[in-house]
Amino acid sequence: MKKTTKIISIIAAALIAVLCCGCGGTNNTDSTADNASKGSMTAEEGKLVMATNAEFPPYEYLEGDEIVGIDAEVAALIADKLGLTLEIKDVDFDSIIPGVQSGKYDMGMAGMTVTEEREKKVKFSTSYATGVQVVIVKEDSDIKSIDDLEGKKIGAQQGTTGYIYASDTPENGGYGEENVTGYQNGALAVEALKNGKVDCVIIDNEPAKAYVAANTGLKILDTEYVTEDYAICFAKENTELQKKVNDALEALIADGSVKQVVDKYIKAD
């Protein structure tokens, strides 16, 4: 009887050990997946995963297989200051905020404007750059200023502020969704303009200059559409990472490093 009891005890102890190990493994996996929602610094220690959309020169674009530009260089400076290895993921612009919210990416940095609507979904860093939305038209266009956009076919990159502002209702200063066509990137929107599918394209001033320089017969209207601030986004719960990145960013702004990067890509007119 004692021998049987001892064997049962050993088997029970072994089963408990196996179950505990299994539970521990599951908890570790859940902990990693839920890091962003628990306010941890990064989804994977030692690495800073940044989501961007490499279709927005000079902030982010591809040179061969490498993502370069203002955001890529500033993010690298931030990662270096934090002792982390930067990993950049090139994704659709529309998927950046959902990916950050879910913890798939630690942060989003893609010439992203701070808006009230986005602030409901994510937290932002200090602004590191100012963007100006402008309007691209054909050189022979009858559109002379933004006052002439009413009733016109407008193109813009999906998810960008240019698209959001333009597709809003006339009461809010927009032109209505029925008059705005969203494209996966700015290049496709500009191609649609060249082919006569839209009458104009609303986009940030810097990529606008690059597109106009690369495509004859296009110009940028003198009138600015809107001015906005760019910042880095984080999951709302990931306050630790937001603070650490913000501290690093503010130090890089203060010592002139960010300005040096911006000036490298954006020359004074």
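The values are calculated or read from the model by the stated rules, or taken from the named source; none is laboratory data. Note that the coordinates shown come from a computational prediction; the quantities given were computed from them, not determined experimentally. Glycine also receives a Cβ, built like all others from the backbone with ideal geometry; neighbour counts cover every protein chain displayed. Accessible surface is based on the protein model in full, side chains and every heavy atom, while ligands, DNA and RNA are left aside. Shrake-Rupley method; radii C 1.70, N 1.55, O 1.52, S 1.80 Å.
Things to note:
- Odd one out for LYS267, checked against (1) of a type in the set (Lys, Arg); (2) surrounded by 13 or more Cβ atoms within 10 Å (Cβ to Cβ); (3) more than 19 Å from VAL114 (Cα to Cα): (2)
- Positions within the range 176-193 being surrounded by 17 or more Cβ atoms within 10 Å (Cβ to Cβ) and outside any helix (DSSP H, G or I), in sequence order: VAL180, THR181, GLY182, TYR183, ASN185
- GLU119 falls short on exactly one of the conditions (1) crowded, with 16+ Cβ neighbours inside 10 Å; (2) within 14 Å of the chain's Cα centre (by Cα), and that condition is (1).
- The single condition among (1) surrounded by fewer than 18 Cβ atoms within 10 Å (Cβ to Cβ); (2) within 14 Å of the chain's Cα centre (by Cα); (3) free of Cβ contacts under 8 Å to residues at least 40 places away in the same chain; (4) over 30 Å from ASP199 (Cα atoms) that ILE88 does not meet is (1).
- Within the range 114-157, the set of residues being assigned to a loop (DSSP other than H, G, I, E, B) and either in contact with a Ser or Thr (Cβ under 6 Å, 6 or more places away or on another chain) or among the aliphatic types (A, V, I, L, M) (or both) comprises VAL114, ILE143, SER145, LEU149.
- Of all residues making up the range 147-175, the number that are surrounded by fewer than 20 Cβ atoms within 10 Å (Cβ to Cβ) and of a type in the set (Val, Ile, Thr): 2
- Whichever residue in the range 43-53 is part of a loop (DSSP other than H, G, I, E, B) and either of a type in the set (Ser, Thr, Tyr) or at pLDDT below 95 (or both) and, among such residues, is most open to solvent (accessible area, probe 1.4 Å): GLU45
- ASP80 vs. criteria surrounded by fewer than 17 Cβ atoms within 10 Å (Cβ to Cβ), in a helix (DSSP H, G or I) and under 14 Å from the mean Cα position of the chain (by Cα): no
- Scanning the range 153-174 for residues that are aromatic (Phe, Trp, Tyr) and farther than 16 Å from ILE97 by Cβ yields a single hit, TYR165.
- GLU73 vs. criteria assigned to a helix (DSSP H, G or I), in contact (Cβ under 8 Å) with a residue 12 or more places away in the chain, open to solvent by 30 Å² or more (accessible area, probe 1.4 Å) and farther than 19 Å from ASN238 by Cα: yes
- Inspection of the range 61-69 finds no residue satisfying the criterion of being more than 20 Å from GLN184 (Cβ to Cβ) and surrounded by 21 or more Cβ atoms within 10 Å (Cβ to Cβ).
- Of all residues in the range 91-113, those being within 11 Å of the chain's Cα centre (by Cα) and either assigned to a helix (DSSP H, G or I) or polar (S, T, N, Q) (or both) number 9.
- The residue that is most open to solvent (accessible area, probe 1.4 Å), among those in the range 194-229 that are within 17 Å of SER141 (Cα to Cα) and out of contact with any helix residue (DSSP H, G or I) (no Cβ under 9 Å at 6 or more places or on another chain), is ASP222.
- Options GLU237, GLU224, GLU250; residue that is in a loop (DSSP other than H, G, I, E, B) and over 30 Å from ASP199 (Cα atoms): GLU237
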